[in-house]
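The values are calculated or read from the model by the stated rules, or taken from the named source; none is laboratory data. The model shown is predicted, which means the values in this text are computed figures rather than measured ones. A quick note on method: Cβ atoms are made from the backbone with ideal geometry, for glycine too, and the neighbour counts reach across all protein chains shown. Keep in mind that these areas ignore ligands, DNA and RNA; they rest on the heavy atoms of the full protein, side chains included. Shrake-Rupley method; radii C 1.70, N 1.55, O 1.52, S 1.80 Å.
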Amino acid sequence: MAHTNRRFLLTRRPVGAVRRDDFTYEQAPAAEPAEGQVLVKNLYLSLDPAMRGWMNEGKSYIPPVALGQVMRALGVGEVIASKHPGFQPGDHVNGPLGVQDYFTGEPQGLYKIDPRLAPLPRYLSALGMTGMTAYFALLDVGQPKAGETVVISGAAGAVGSIAGQIAKLKGCRVVGIAGGEAKCRYLKEELGFDGTIDYKAEDVLAGLKRECPKGVDVYFDNVGGDILDAALSRLNFKARVIICGAISQYNNKDAVKGPANYLSLLVNRARMEGFVVMDYAKEYGKAAQEIAGWLASGEVKSKEDVVEGLETFPETLLKLFSGENFGKLVLKV
């Protein structure tokens, strides 16, 4: 039986913010699997700031999406046909499925998940790449110690909210930078953050002085730009700065704004290190097991912002860059 596959192809490299006409939206029959391949019906897709970087040409940690190809996206779906011995119809899988209704191909990077253990969108948030990012960036690069002050930008977002909760579990004082009163209230009342800074309503540097009177030991950066500069000015001796993302810079039409206060690293003998979650692929299982335990005990909470409709993809992706999403942004196919 032929399946109609709606899909978004990248047809132009965006300049500034992503636009619908950077893509071609088309419908075509889904290919049947050949020997060694699977056919997966996509159910949920993960929308991530990193997708903006994947559209750019140039050297990065992963090759860019080629023009004319299906836009890259992680997702969860159900195997509906298989000519691969490791997968059977009815299996649920997580992996790089693309912005489309159906994925046909070799199951490289796909792994099985159990929908009975958690809602499927959670495998794209706390139990997926989002959780892995928060876990390894904070614990391996940030190396927080009990009693230290951890500051997180983009704290109400997918990665930031999980990272902050893990920092609390490790006995740290946690301050979140987020946009808007509702997000700041959520961080304190629901997730147990010790303090918040509303970057939309106050000066971030003044907020850091108020909430971190003894300075910052670990800064987990998801936004870059002026907020990174403010945090650098408040570092403690031997502080660690995690460069996880820089969402404020991804749509720049000019050069990326680098940190003006980088000499703080010298003065404080601090360390700033970039982080890419794929470097930890062999250890995902260990992290997922620990995060699942925290979720089951209620020590960590996960919030998903689910938007319906594959056809809304370009506009829904933009929610990430305006700060409209609340929690992990997921597209229900």
Counting only residues 5 or more places away or on other chains, whose amide H sits under 5 Å from the amide H of residue 241 once H atoms are built in the peptide plane? 219, 271, 272, 273
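Accessible area of the chain with a 1.4 Å probe: how many percent of it is carbon plus sulfur?
52
Please find the FRET efficiency linking residue 251 to residue 271, where r is the Cβ-Cβ separation and R0 is fixed at 35 Å, and quote it to the nearest 0.05.
Details: r = 28 Å, r/R0 = 0.81.
The formula returns an efficiency of 0.80 here.
Students often get this wrong, so check it: of 41/303; 183/328; 112/286, which have C-alpha atoms separated by over 19 Å?
Working: 41/303 24 Å; 183/328 13 Å; 112/286 16 Å.
Violating the 19 Å limit, Cα to Cα: 41/303.
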If amide H atoms are modeled at 1.01 Å from N in the peptide plane, then the residues at a separation of 5 or more from residue 196, or on another chain, having amide H under 5 Å from its own are 176
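Taking only complete DSSP H runs, can you tell me which helices of the chain stretch 18 Å or more along their own long axis by Cα positions and average at least -1.0 on the Kyte-Doolittle scale? Provide the component values of the computation, followed by the final result.
Numbers: long enough: 284-297 (20 Å, 0.06).
Helices meeting the criterion: 284-297.
Averaged per residue, what accessible area in Å² does segment 33-102 show with a 1.4 Å probe, protein chains only?
40
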Residues of segment 129-277: accessible area per residue with a 1.4 Å probe, Å²: 41
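Pop the C-beta distance of residue 169 and residue 322 into the FRET formula with R0 = 30 Å and round what comes out to the nearest 0.05. The partial results should precede the final answer.
On the way: r = 31 Å, r/R0 = 1.03.
Between residue 169 and residue 322 the formula returns 0.45.
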Computed [θ] at 222 nm, deg cm²/dmol, the chain (DSSP H ≥ 4; -39,500 (n - 2.57); rounded to nearest 500): -6500 deg cm²/dmol
Considering amide H positions built from the backbone, and no H for Pro or chain starts, which residues 5 or more places from residue 43, or on another chain, come under 5 Å of its amide H? 76, 77, 78
